[in-house]
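Contents: one structure, followed by commentary.
The values are calculated or read from the model by the stated rules, or taken from the named source; none is laboratory data. Everything quoted here is computed from the prediction, not taken from an experiment. Cβ atoms come from the backbone with ideal geometry, glycine included; neighbour counts cover every protein chain shown. To get the accessible areas, we keep the full protein, side chains included, count just its heavy atoms, and leave off ligands, DNA and RNA. Shrake-Rupley method; radii C 1.70, N 1.55, O 1.52, S 1.80 Å.
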Amino acid sequence: MRRFFWALFVLLDGLVLLAAATGYAAVHVDPRTFWWSELLAVALPAFAVALLVLTAVPVAMKRWGWVALHVVALVVLALRLVPFERLQQAGPAADDDLVVMTLNVPRFGPSAEQLAADVFDLLVAERPVFVGLQETVARHRTQPPYRPTIASYVSPAVDSLGYLLAIPPDWVTHQPVLIRPDAPGGLVVVQQLQRTLETGPEDRGASQYVRTRFRWQGREGVHYNVHLRYFGQEKPWEEDVRLLQPGTWLPFVRRYREAYRRRAAEVEEIVREIEAETLPVIVAGDFNATANNWGYHRLAEGRTDAFAVAGSGWGGTYRADFPVVRIDHVLVDPAWEVVEAHVPAVTFSDHRPLVVRLRWRDGG
């Protein structure tokens with residue numbers, strides 16, 4: 001009986017180890033070939049917890065070789081998952097730091113009035129200087145008065161808090177940028193462009209970005225407000241998915257496979273654009289990917305993950321009511337020093353915002 005139990009354990013444990021190894025390697029594996037590794041990468045923290053719990057079995061059965069295998073696996077996972085970089089935090093915050101916020105705000109809420117009040121309170125509390133929003137409609141009026149307008153749940157903050165809706169006259173966008181020009185350092189928008197990387201007329205989940213060239217403390221930089229391809233409105237955990245009924249889960253498999261493959265090509269396009277920049281870059285937004293996914297890894301190459309080095313707490317941004325994963329990020333070039341990063345505990349959106357304090361590394 002003891003031998004049979006051990007055989008079952010080895011089978012289960014081997015599957016967990018294999019899944020963890022595949023998820024760990026996902027950052028180096030192109031999703032256009034092995035898209036399913038991306039799903040395992042999202043679950044990497046769960047695999048680490050599972051291996052930690054499963055270690056009790058070989059310990060109890062005095063299988064020391066298997067224990068050693070678990071220890072090695074857990075150390076390797078810890079080097080990836082534990083933010084040891086936070087030991088290198090910068091000095092205290094200053095009034096003239098560049099406070100950057102990224103937030104995916106839905107077009108729904110308990111009520112339009114309550115959603116507007118919640119967004120207003122968040123901006124009052126955090127006082128970001130540069131705000132990149134996703135899934136928030138903004139446009140210029142085509143009739144008098146000719147001025148930019150934004151979704152009703154953001155407009156009170158724009159009207160009352162001194163924020164400038166920075167979009168060119170001919171734009172309609174779902175990724176507007178708000179700036180506070182009266183902030184110390186004098187933020188000025190120099191130039192903007194937006195791009196949707198759609199692959200066809202019916203492609204509604206394509207990756208998008210808004211590029212903003214700006215001047216801060218007399219020096220220029222570039223901000224990319226990114227929203228990477230998503231998987232559709234329906235979520236597997238919200239549907240009647242049954243393991244023994246392939247018809248309930250195969251459509252999700254096909255959708256995720258296609259999304260990961262298309263997103264990989266789109267990320268490569270964005271990376272090429274960023275690599276051509278000659279000014280210091282900030283890449284921020286909803287990546288729909290964790291730090292263990294390939295798309296994040298490509299965008300983060302040569303950059304600092306602000307939350308990884310200076311964040312506080314777990315930092316999960318999705319879902320807001322139970323933030324298990326961190327899929328909203330701020331990545332910065334070496335010219336920027338990260339002072340602090342945090343995720344306010346708000347639940348009026350399905351994403352939580354990420355707020356980051358930056359300053360020029362050489363003091364400007």
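If each residue of separation counts as 0.36 nm, what is the full-extension length gain between R219 and S312 once their alpha-carbon separation is subtracted?
Values: separation 93, 0.36 × 93 = 33.48 nm, distance 2.89 nm.
That works out to 30.6 nm of additional length.
At 1.4 Å probe radius, can you tell me the per residue accessible area of the chain in Å²? Present the calculation step by step, with values, prior to reporting the outcome.
Values: 17600 Å² over 364 residues.
I get 48 Å² per residue for the chain.
Give me the percent of DSSP beta bridges within the chain that run antiparallel, rounded to the nearest 5. Kindly include the intermediate steps, with their values, before the conclusion.
Values: 47 of 59 bridges.
So the antiparallel bridges amount to about 80 percent of the total.
Counting only Cα atoms, I'd like the Rg/Rh figure for segment 3-70, Kirkwood definition for Rh.
With Rh from the inverse mean 1/r over Cα pairs, Rg/Rh is 1.07.
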Original post:
What does the charge dipole of the chain about its Cα centre add up to, to the nearest 20 debye, if the Cβ of each Lys and Arg holds +1 and the Cβ of each Asp and Glu holds -1?
Top reply: 1000
**OP:** Over segment 103-220, consider all pairs of different Cα atoms and compute the Kirkwood hydrodynamic radius from their mean reciprocal separation; express it in Å, one decimal.
**Re:** 15.3
Original post:
If you stretched the chain out fully between E234 and D321, how much longer would it get, using 0.36 nm times the residue separation minus the C-alpha to C-alpha distance?
Top reply: 29.6 nm
**OP:** For F84, tell me the accessible area in Å² from a 1.4 Å probe, rounded to the nearest 10.
**Re:** 100
Original post:
Taking R0 as 41 Å, what's the FRET efficiency between V271 and E126 from their Cβ-Cβ distance, rounded to 0.05?
Top reply: 0.90
Subject >> Chain lengthening between A117 and E198 when straightened (0.36 nm per residue, less Cα-Cα) >> reply: 25.8 nm
Subject >> Convex hull per residue volume in Å³, alpha carbons only, for segment 208-275 >> reply: 102
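What number do you get for segment 210-364 when its Cα radius of gyration is normalised by 2.2 N^0.38 Å, N = residues?
1.17
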Original post:
R0 = 22 Å: FRET efficiency of D182 with R147, Cβ-based, nearest 0.05?
Top reply: 0.75
Subject >> Binned Cα-Cα distances of the chain, short to long, each 10 Å bin given as a whole percent >> reply: 5, 22, 31, 24, 12, 5, 2, 0, 0
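Got a number for carbon plus sulfur as a percent of segment 29-160's accessible area, 1.4 Å probe?
On the way: 4430 of 6990 Å².
Here it works out to 63 percent.
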